[in-house]
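Got a structure for you, questions after.
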Amino acid sequence: MNSPAHLLDGLRCSICGALNVLWLDPLRGLVECRECGQTALTIPETGKETS
Ligand SMILES: [Zn+2]
């Protein structure tokens, strides 16, 4: 039972307006709405390179 995605509690989808339906997929850097299916790219760290 290893579910990478987790619920973004308290956030509202800007497309359909539903609350607590946004899930973050950290592996793909995506936020997906379970209500309307909208996905958006997240920008976790900008201008920062670690190697
Ligand atoms: Zn939505």
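The values are calculated or read from the model by the stated rules, or taken from the named source; none is laboratory data. Since the structure is predicted, the reported quantities are computational estimates derived from the model, not experimental observations. Every residue, glycine as well, gets a Cβ built from its backbone with ideal geometry; the counts of neighbours run over all protein chains shown.
What are the residues in region 17-40 that are more than 8 Å from the ligand (Cβ to nearest atom) and free of Cβ contacts under 8 Å to residues at least 12 places away in the same chain, if any?
19, 28, 39, 40
Residue by residue through region 20-51, note down the ones that are small (Gly, Ala, Ser) and modelled with pLDDT under 85.
Those that are small (Gly, Ala, Ser) and modelled with pLDDT under 85: 47, 51.
Taking region 1-39, which residues are of a type in the set (Ser, Thr, Tyr) and not in a strand (DSSP E or B)?
Selection gives 3, 14.
How many residues, within region 22-42, are over 8 Å from the mean Cα position of the chain (by Cα), within 16 Å of residue 12 (Cβ to Cβ) and not small (Gly, Ala, Ser)?
Of the residues in region 22-42, 4 are over 8 Å from the mean Cα position of the chain (by Cα), within 16 Å of residue 12 (Cβ to Cβ) and not small (Gly, Ala, Ser).
Identify, by number, the condition in (1) of a type in the set (Gly, Ala, Ser); (2) surrounded by 14 or more Cβ atoms within 10 Å (Cβ to Cβ); (3) at pLDDT 90 or above that residue 5 doesn't meet.
The single condition residue 5 does not satisfy is (3).
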